[in-house]
1. Pairs please, first residue from region 24-53 and in contact (Cβ under 8 Å) with a residue 60 or more places away in the chain and more than 17 Å from Ala102 (Cα to Cα), second anywhere and in a helix (DSSP H, G or I) and among the aromatic types (Phe, Trp, Tyr), Cβ atoms under 8 Å, 6+ apart in sequence or on different chains.
2. Collect the residues in region 72-91 that are in contact with an Asp or Glu (Cβ under 7 Å, 6 or more places away or on another chain) and of a type outside the set (Ser, Thr, Tyr), keeping them in residue-number order.
3. With the checklist (1) exposed (fewer than 14 other Cβ atoms within 10 Å of the Cβ); (2) within 15 Å of Asp37 (Cβ to Cβ); (3) of a type outside the set (Asp, Glu) in hand, flag the one item Ala84 doesn't pass.
4. Taking the stated definitions as given, is Ser65 part of a helix (DSSP H, G or I), touching a residue at least 60 places away in the same chain (Cβ under 8 Å) and hydroxyl-bearing (Ser, Thr, Tyr)?
5. Consider region 102-120. How many of its residues are free of Cβ contacts under 8 Å to residues at least 40 places away in the same chain and assigned to a helix (DSSP H, G or I)?
Amino acid sequence: MKKTLLLFCLLLPIGCKTATSTTPSAALAPGAVNQFDQTSYATLMATQAVIQSLKASIAANTSLSILKTPLNQAISDYNVAESAWQVYHATATAANQAAVTAAITKVQSDVSALQTASTN
């Protein structure tokens, strides 16, 4: 029994190979052109949810009414980002990808500033 255990312990490292492949990417959602398209869409949906939450908070709390103008700007910038994504989704060009990235960055900056302002 000891010999079998010793042999098993000696052979165990030989039988194990280091993985040479990486974990495969998750499958794309139906309709997604590529990973960027899918990630951009998910980001837009999450941003839209935050905007809706901020909109409800501002409507419910009159002391936050000062944030209506920046909220409207965030909504406008969201609409630009969503439109840019629609164009990218239809064409998937590098130029349109850059436009989506810039537009999402802008709206996320707006939303982040709004979140900070609404908690102060």
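Read-outs: derived from the displayed coordinates by stated rules, not from any lab. Predicted, not measured: the structure shown is a model, and the values here were computed from it. Because the Cβ atoms are built from the backbone with ideal geometry, glycine has one as well, and the counts that use them run over all protein chains shown.
1. Ile51/Tyr78
2. Gln73, Ala74, Asp77, His89
3. (1)
4. So Ser65 fails the test.
5. Qualifying residue count, region 102-120: 8.
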